[in-house]
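A quick write-up on the structure given underneath.
The values are calculated or read from the model by the stated rules, or taken from the named source; none is laboratory data. This one's a predicted model, so the numbers in the text were calculated from it and none came from an experiment. All Cβ positions, glycine included, derive from the backbone under ideal geometry; neighbour counts span all protein chains shown.
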Amino acid sequence: MNALTERQQQILGFIRGKQDSEGLTPTLREIAAHFRFSSPNAALAHVQALRDKGFLKSLAGRARSLQVVDPNTPRSRFRPRVVSVPIYGSIPAGLPQDTAQEEEGCVLIDVETLGIKPTARTFGLKVRGDSMLGKSIVDGDIAIIEHGVQPRPGDVVAALIDGQVTLKTFLMQRGRPYLRAENPRYPNLLPQEELQIQGVMVALVRKRK
C-alpha cells in the first residue's frame, strides 16, 4: 500500500473513530465539516485517494459504504464480518408521514452476530416514534430493511400506505393486508387506496449510548 499524506491519515483516523464509537460511517458532508473543507467534494477527493491506496474498501453496489482495511493484514486473509449498510433517512414508527429517502451515511453490521447476509438491496432506516414497542423497536433504533422480499404475516415491514410511509407489522385479515402497530395507543392501518411494501425488516441495530 502507498504511504498516506498527513491529511489522509487524519481523515482515515476520523472515519475509523466514528465507526468504532458510533457504529456509523461518516458522510462526506460530516468529513468536510470536521476538517473545515469548503465543500464535500474536497472530502470525496481524499476518500477516493484512501480507496485507491487500499486503506478503504467499498462494498459493490452501495454508495459510500466504506470499510477501513488494516494495512498489516494480507488481502488473502481479509475476511470482513463487519459490513457497511447505507442509511436512507428515517421512518415513522407512529402515525404514517410523508418522507423522502436520502442517504445519511452507513451503519456497520456484524453479519455473524445478526445472522444476516446484506445484499445490494439492503438498507437502514432510523426509527422515529414508539408504535413498535411491543417488538422491542424504540425511537433511535436503525431498522435493517431488505427490499424486494415478499412479506409474510407477522413480518415487520417498511410500507407505503396511501402515499405515506410507516414501520409496522404486516398481517392479513379475510384475504386483505393491513398494518398493525405494536402499541395499543395506535390504530391498525387499512389501506384506502394502496399499500406498497418497500421492504421487510431483517435486523435491528441499537445505537450505543
Can you find even one residue in region 168-181 that is closer than 19 Å to ILE87 by Cβ, hydroxyl-bearing (Ser, Thr, Tyr), touching a strand residue (DSSP E or B) at 6+ places or on another chain (Cβ under 7 Å) and in contact (Cβ under 8 Å) with a residue 24 or more places away in the chain?
no
Could you list, in sequence order, all residues of region 165-208 that are farther than 20 Å from GLY129 by Cα and in contact with a Lys or Arg (Cβ under 7 Å, 6 or more places away or on another chain)?
LEU171
Among the residues that make up region 51-67, is at least one of them farther than 28 Å from LEU204 by Cα, at pLDDT 85 or above and buried (at least 18 other Cβ atoms within 10 Å of the Cβ)?
no
Quick check on my filter: what residues within region 150-184 are touching a Leu at 6+ places or on another chain (Cβ under 9 Å) and either outside the structural domain of ASP130 (by TED's automatic domain parsing) or farther than 26 Å from ILE116 by Cα (or both)?
ILE161, ASP162, GLN164, GLN173, ARG176, PRO177, TYR178, ASN183
Pair list, Cβ < 6 Å and 6+ apart or interchain, from region 115-131 residues that are closer than 12 Å to GLY199 by Cβ to residues that are part of a loop (DSSP other than H, G, I, E, B):
ARG121/HIS147; ARG121/GLY148
